[in-house]
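The values are calculated or read from the model by the stated rules, or taken from the named source; none is laboratory data. Please read all numbers here as calculations on a predicted model, not as lab measurements. Neighbour counts are summed over all protein chains in view; Cβ atoms, including those assigned to glycine, are modelled from backbone coordinates with ideal geometry. All accessible areas refer to the heavy atoms of the entire protein, side chains included, with ligands and DNA or RNA removed. Shrake-Rupley method; radii C 1.70, N 1.55, O 1.52, S 1.80 Å.
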Amino acid sequence: MTMRRALVTGITGQDGSYLAEFLLDQGYEVHGMVRRASTEKFERIDHLRDRLKLHQGDLLDHRSLVDALRASRPDEIYNLAAMSFVATSWIQPTLTAEFTGTGVTRLLEAMREVCPEARFYQASSSEMFGKVLEVPQVESTPFYPRSPYGVAKVYGHFITVNYRESYGLHASSGILFNHESPRRGLEFVTRKITWHAAAIKLNLRRELSLGNLDAMRDWGFAGDYVKAMWLMLQQDHAEDYVVATGEAHSVRECLEIAFDQAGLSIDDHVRLDPALRRPAEVEHLIGDPAKARERLGWAPAVGFEQLIRMMVDADLKLLGGT
Ligand code: NAP
Ligand code: F7E
């Protein structure tokens, strides 16, 4: 049997690295699209480097997308690339629309040109639910995005649905709720907390500044969520799926678990900074993954408390050099 080929955009990101590992374990030939930078930052895929085929490309550049698809000839395309940090989307709203929104159309157009028979995964987001219109959120819950990032993701979601319906592409959209790991970017709240807990414990920092501690999210483990992406592309029919744990926790709870794991007192080290609050907040997200459970046989393996404790331990090891 010939090896199946996958192209992953955003392979240098948190999810890209876990998905690449997962696909390699499944016996795929894994191709990744990467951006040129003045200094290469491939830490998350360093351990896989010899087993991956990388192609230079950017979601803003149609030529490079066509060439990456021609070179990789993928059976499956996973579009994980995006400007993914919500707070930055207010600072760079137009660029966010280009990367996270119309970038999806560019990739779908390149796919139509080069490999219309391939299967396509779009990384949609619970941020599309924003100021929620239903609790818990399911696939049919109407969207009410609260940030330029959320608005751009709604565009990416509907263009995926539209290309499926217009051209018969096997294009699925995974509406993933927050998922974290020791490889999460340092700017996201869970990793910011676990990294600072470790750094304070090791006397490398004295303080942690945070914004809204009352925000609630449905947080899962990235390693579990990439399996759901793959399962979507193994179905006969392309559809959209909510991927979540079904449990919500506050930023404050995350802080309490992380500081407990590091053996620290919150009162001694945490400061509230109003500048870290967002112009419009998403207060409470909680997903119902029933469809993913029933149709894909998917279930998360790692719970919230286990995840946060694991991240603190990983950061203690990283910063302590042990
Ligand atoms: P991430 O760690 O921020 O990774 C984003 C990736 O996109 C990086 O590899 C980045 O490359 C790449 N990228 C950004 N702009 C690009 C461009 N113009 N052209 C090509 N590549 C570009 O994000 P993540 O957490 O892995 O998330 C993966 C995807 O899922 C994103 O689309 C995100 O919006 C979405 N999502 C994430 C979550 C979550 O909780 N993690 C939940 C729902 C949806 P560089 O390394 O060069 O910057
Ligand atoms: O914020 C609050 C903040 O930046 C979570 C992305 O992967 O998930 C992620 O988006 C909450 C928000 O993630 C700080 O106001 C308080 O309510 O970790 P976050 P996010 O905005 O939920 C979705 C599903 C995606 O699709 C995105 O790509 O935490 N919060 N204090 C803070 N957040 C940050 N970052 N920093 C703080 O100091």
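List the residue pairs whose Cβ atoms are under 7 Å apart, where the first residue sits in the stretch 105-129 and is among the aromatic types (Phe, Trp, Tyr), the second is near ligand 2 (Cβ under 9 Å from one of its atoms), and the two are 6 or more positions apart or on different chains.
Listed by first residue and then by second, the contacts come to Phe129/Leu285.
Could you pull out the residue among Ser64, Ser17 that is among the hydroxyl-bearing types (Ser, Thr, Tyr) and in contact with a helix residue (DSSP H, G or I) (Cβ under 6 Å, 6 or more places away or on another chain)?
Ser17
For the stretch 181-199: of the residues being open to solvent by less than 10 Å² (accessible area, probe 1.4 Å) and under 25 Å from Asp268 (Cβ atoms), which is nearest to ligand 2 (Cβ to nearest atom)?
The selected residue is Thr190.
Restricting attention to the stretch 14-67, report how many residues are over 20 Å from Arg184 (Cα atoms), away from ligand 2 (no atom under 16 Å from the Cβ) and open to solvent by less than 30 Å² (accessible area, probe 1.4 Å).
Number satisfying all stated conditions: 9.
Restricting to the stretch 39-94, name every residue that is near ligand 1 (Cβ under 9 Å from one of its atoms) and at pLDDT below 95.
Lys41
Residue under question is Ser89, and the condition is that it be within 12 Å of ligand 2 (Cβ to nearest atom) and either open to solvent by 10 Å² or more (accessible area, probe 1.4 Å) or assigned by TED's automatic domain parsing to the domain that holds Ser17 (or both); does it hold?
Answer is yes for this residue.
Out of all the residues in the stretch 126-134, is one or more within 16 Å of ligand 2 (Cβ to nearest atom), open to solvent by 20 Å² or more (accessible area, probe 1.4 Å) and modelled with pLDDT of 95 or more?
Looking for residues that are within 16 Å of ligand 2 (Cβ to nearest atom), open to solvent by 20 Å² or more (accessible area, probe 1.4 Å) and modelled with pLDDT of 95 or more, one finds at least one in the stretch 126-134, hence yes.
May I ask you to verify whether Ala152 is touching a residue at least 40 places away in the same chain (Cβ under 8 Å), in a strand (DSSP E or B) and assigned by TED's automatic domain parsing to the domain that holds Phe42?
It is false that Ala152 is touching a residue at least 40 places away in the same chain (Cβ under 8 Å), in a strand (DSSP E or B) and assigned by TED's automatic domain parsing to the domain that holds Phe42.
Report whether or not Val312 is in a loop (DSSP other than H, G, I, E, B) and either open to solvent by less than 90 Å² (accessible area, probe 1.4 Å) or assigned by TED's automatic domain parsing to the domain that holds Arg146 (or both).
Judged against the criteria, Val312 is not a match.
Which members of the stretch 65-110 meet the condition of being assigned to a helix (DSSP H, G or I) and among the acidic types (Asp, Glu)?
Asp67, Glu98, Glu109
Among (1) within 16 Å of ligand 1 (Cβ to nearest atom); (2) under 21 Å from Ser89 (Cα atoms); (3) not in a strand (DSSP E or B), where does Tyr144 come up short?
Of (1) within 16 Å of ligand 1 (Cβ to nearest atom); (2) under 21 Å from Ser89 (Cα atoms); (3) not in a strand (DSSP E or B), only one is false for Tyr144: (1).
Restricting to the stretch 201-215, name every residue that is out of contact with any Asp or Glu (no Cβ under 7 Å at 6 or more places or on another chain), touching a residue at least 40 places away in the same chain (Cβ under 8 Å) and open to solvent by 10 Å² or more (accessible area, probe 1.4 Å).
Lys201, Leu202, Leu204, Arg206, Glu207, Leu213, Asp214
Which ones in the stretch 12-32 are touching a residue at least 40 places away in the same chain (Cβ under 8 Å) and within 19 Å of Gln56 (Cα to Cα)?
Gly13, Gln14, Asp15, Gly16, Ser17, Leu19, His31
Could you identify the single residue in Ile159, Ile193 that is not acidic (Asp, Glu) and not assigned by TED's automatic domain parsing to the domain that holds Trp90?
Ile193
Which of (1) in contact (Cβ under 8 Å) with a residue 24 or more places away in the chain; (2) in a loop (DSSP other than H, G, I, E, B); (3) touching a Phe, Trp or Tyr at 6+ places or on another chain (Cβ under 7 Å) is the odd one out, the single condition Gly223 does not satisfy?
(2)
Can you name every residue in the stretch 229-264 that is farther than 30 Å from Phe22 by Cβ and open to solvent by 50 Å² or more (accessible area, probe 1.4 Å)?
Arg252, Glu256, Asp260, Gly263 - these are the residues of the stretch 229-264 that are farther than 30 Å from Phe22 by Cβ and open to solvent by 50 Å² or more (accessible area, probe 1.4 Å).
Please work out if Arg252 is within 14 Å of ligand 1 (Cβ to nearest atom) and not hydrophobic (A, V, I, L, M, F, W, C). Step through it out loud before you land on a result.
On the way: within 14 Å of ligand 1 (Cβ to nearest atom): no; not hydrophobic (A, V, I, L, M, F, W, C): yes.
Judged against the criteria, Arg252 is not a match.
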